[in-house]
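Values quoted throughout were computed directly from the atomic coordinates according to the rules given, and no laboratory measurement underlies them. Given the structure is predicted, the values throughout are model-derived calculations rather than measurements. Please note: Cβ atoms are built from the backbone with ideal geometry, for glycine as well, and neighbour counts cover all protein chains shown.
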Amino acid sequence: MIFLSDITTLAYGALALIIILTLVNKLTTWEHIVPLNIPWIDRRAEPFSYLRAKWRSFLNMRQNMTTAYYTVNKQQGRAAAIAIAFGRPQIVLPPKYVRWIATQPDTVLSMDPINDEFHYFLRDGLVGDLLLNEALRRKLSQYLPELIAEMSEEIVLAVDKVLGSEEEWRALPLRDTMRTIAARVSNRLFVGTELCRNEDYVRHAVGLGMAVMPQTLVQDLLPRVLKFPLSFATKLFTRISLAGITKHLVPVIRQRIRDIQTIEKDQLPRELLTWLAQRALQRGESPASLEHTLVARIAVVNLAAIETTVKALTTCLEDIAADTSRDYLALMKDEAHSVLSGCYGPGGGGAPPTKADVDKLVHIDRALKESLRLGMVLPGLIRQVTAPNGVTLDDGTHLRCGARISVAAYGIHRDEENWPDATTYNPSRHEGDSLPMSRGTEKYLAFSMGRRACPGRFFVSDEMKLLTAYIITRYEIKVVKPPVTKVGLVQELTMRGPQEQLLVRRIK
Ligand code: HEM
């Protein structure tokens, strides 16, 4: 009898465990939002198949996107579902939907709920906040031509400091070197001279990007019921980086607020922080939370700007260094010399380049565009269906409110029908189209297209063109790949894996 009751207890225990695990799985995931007629990529017949596919997707993203694009989107003309490590599954739509997605109003498809997942890590009050986007689109783009001189001054100082003046070859870690330069130059226009040159501030601004990714993963894997109670723990590393930038930013924010209240508008610093503070005061944001909300907005812009810029710059330096013919590099150098001759004299003197000068750097633009084309690994146009009744695709597939869609930008950028000899690095291919890197099309989505295309694209393309021009006219460079080693998940997530070495020496 005792034996039988033990077995019964065990059986009930196992049943309860299965029910709990199934519930946890259901609560944790959004797999149920994918319509049943949409095929999944890399989802196998195994227990907890969705969670396991999600886990694998972190390393198999390119492969999964390629399969979704060629096997399902192109061959069958329909959508495919992919489990995503950092969020809800994505329904990857065929490329014919690119323009449709890009033109939908936020009441039908929106990226705000996706952005809010990052906002949530920085400050709860930022959820739903669009003030940063507004300042980037209206103010930064409008004042950009006038800010080129400041941008180029910072480029000279940052590059000279980080790459040095030695005429002997030196080896530097490529990504970390570019992080320091990009963070300093970008922050000159975000928060001004004083902070962009503060090494501790720059270190924390860079650290933020590395802290947020692993935390979104942990948070995403938690069952919804546990997300809020455990959020203090999951946000720990972000809090440390945020505290690091807060201690430097708060005194500057207080100064800017005093300036806005006391001095003439045209005397105010022309930088993102001042525009954000002006607009926040105009909107009557609560003084009690103003400082922290402004810190969080500056944190968001650093998150959006630094790693993306670093990825594009390092890929471009690797690509041009690997181009053994050196033909395109020679064109870029000639162009940079002729455009910048007279600018950046010894010690940083000479007239600074103007916006018209930057616009003449067309070969450099094409080299960067080609690196952005081949370097794009993420899906494009990620949107959440916000229409309360969902949307219906032209093949009759109904996507419910809350479903996430995207397009396989990785496949689109490597499709031979779009780009002949697609996997070869060849900047000259862009000579015919004369579209700058910042301009999105249905075949090129590095900065996306439509209403929600990257609001930093004009700023960052000028920044990267000037930086590249300055580096190739002043330095000889080589890039050495790291030895092939197995990269651990934590290293991969925190972007701390082995990195390329930049060999560099100043040209006499
Ligand atoms: C090479 C560097 C960069 C690349 C490749 C890049 C690319 C992108 C892409 C693909 C999007 C998503 C657009 C969409 O889904 O339609 C985006 C959004 C965004 N980017 Fe960039 N970006 C870069 C640099 C920057 C910089 C420097 C800033 C800030 C100055 C910035 C600020 C933003 C913001 C705030 C968003 C969200 C826009 C929104 O909510 O409407 N990005 N970026």
Problem - Using alpha-carbon coordinates, inclination of helix 141-163 to the longest axis of the chain, degrees - result: 80 degrees
Completion exercise
Listed with the fewest Cβ neighbours within 10 Å leading, SER241, SER5 appear as SER5, SER241
Exercise for the section: Could you pull out the pairs from LYS161/LYS369; LYS247/LYS478; LYS443/LYS465; LYS161/LYS481; LYS360/LYS481; LYS311/LYS355 whose alpha carbons sit more than 29 Å apart here? Expected result: LYS247/LYS478; LYS360/LYS481
Fill in the blank from the handout: Simple spin-label estimate for ARG138/GLU416, 7 Å along Cα→Cβ, in nm, reads 5.0 nm
Exercise for the section: Have a look at the DSSP beta bridges in the range 34-506 and tell me what percent are antiparallel, nearest 5. Expected result: 80 percent
Problem - Added length on full extension, which subtracts the Cα-Cα distance from 0.36 nm per residue, ILE18 to LEU268 - result: 83.7 nm
Fill in the blank from the handout: In terms of the alpha carbon gyration tensor, root eigenvalues a ≥ b ≥ c, rounded if a/c is under 1.5 and otherwise prolate when a/b exceeds b/c or oblate, the range 34-506 is oblate
Exercise for the section: First measure r as the distance between the Cβ atoms of HIS32 and ARG99, then evaluate 1/(1 + (r/R0)^6) with R0 = 35 Å and state the FRET efficiency to the nearest 0.05. Expected result: 0.75
Exercise for the section: Please determine, in degrees from 0 to 90 and to the nearest 10, the orientation of helix 272-282 with respect to the longest principal axis defined by the Cα atoms of the chain, where the helix direction is its Cα long axis. Expected result: 60 degrees
Fill in the blank from the handout: Cβ-Cβ cut-off under 11 Å around SER438, Lys and Arg +1, Asp and Glu -1: the net charge is +2
Practice task
Would you list, by chain and number, the lysines whose Cα falls below 16 Å from the Cα of LYS265, excluding same-chain residues fewer than 8 positions away?
Solution key: LYS139
Practice task
Extending each Cα 7 Å along its Cβ direction at GLU285 and ILE260, get the distance between those two points in nm, one decimal.
Solution key: 0.7 nm
Problem - Separation in nanometres of the label points that stand 7 Å from Cα toward Cβ, at GLU167 and ARG44 - result: 6.0 nm
Completion exercise
Tilt, helix 2-28 to longest principal axis of the chain (alpha-carbon atoms), in degrees rounded to tens, equals 40 degrees
